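Please treat every number below as a calculation from the coordinates, not as lab data. Predicted model, so just to flag it, every value in this text is computed and none were measured. When we count neighbours, we look across all protein chains shown, and the Cβ atoms used for this are built from the backbone with ideal geometry, even at glycine.
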Amino acid sequence: MPFTDVNEGDWFYDVVLYAYDNGLMTGVSATEFAPNQTTTRGMIVSMLARLEGVTSAEDAGFADVAANDWYATAVNWAANVGVVNGFEDNTFRANDAITREQLAAILMNYANYKHENTSARADLSKYSDAGKISSWANDVMAWAVSKGYISGMTATTLAPQGSATRAQVAAILQRYLADWRFCCA
């Protein structure tokens, strides 16, 4: 592993190694992974597009995604296949930090795109901040928690509006892919 900011004793060492070895994530430089840096919406769709081997996509029409943006192909692919939606103002906001509930929605949309069973749901009432989940995200959070892809930030909190760090995303993707590859390979 080339990253000087990821050490063997770190909780995220194995998940970062997995994400790097499987080509899901690269560093922010040749020697830095930035495990505690916030993950953006553009980064998430880029990871999924890499996973799918996407190299081109038709313009999805987002007002804030230019053809030469580094994430444009991934965003356009993800929108065209139903993995992501934009916002009501016709923007995608690729540089915005992704919230945990947005990540759950993208993962569930991706699972549906892959024709996976997304019927499982967890009871979220044990989380004291379950009421902070956006109304559109209750179902996707219940699915992601039921599958173990997203777990509580603590034993009693989900932090649905909180952002996801690069290390957390590496862990979530590893859990998702291990489950998917085990069940559907």
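The 3J(HN,Hα) values that the Karplus relation (6.51, -1.76, 1.60; θ = phi - 60°) gives for segment 76-86 are, in residue order, 4, 4, 4, 5, 5, 9, x, 7, 10, 10, x Hz. Gly and Pro appear as x. With the largest listed first and rounded to whole Å, the semi-axes of the equivalent ellipsoid of segment 76-185 from the Cα gyration tensor are 20, 19, 13. Over the chain, dividing the summed -39,500 (n - 2.57) contributions of all DSSP H runs of at least 4 residues by the number of residues returns a 222 nm mean residue ellipticity of -12500 deg cm²/dmol. Set against the labelled values [x] 1.30; [y] 1.00; [z] 0.95, Rg/Rh (Cα atoms, Kirkwood Rh) computed from this structure falls on [z]. Under 14 Å of direct C-alpha separation, and excluding same-chain neighbours fewer than eight residues apart, residue 114 reaches these aspartates and glutamates: 52, 179.
I'd like the FRET efficiency for residue 28 and residue 156, computed as 1/(1 + (r/R0)^6) with the beta carbon distance as r and R0 of 41 Å, rounded to 0.05. It comes to 0.80. Under the criterion of Cα pairs below 8 Å and six or more residues apart, the relative contact order for the chain equals 24 percent.
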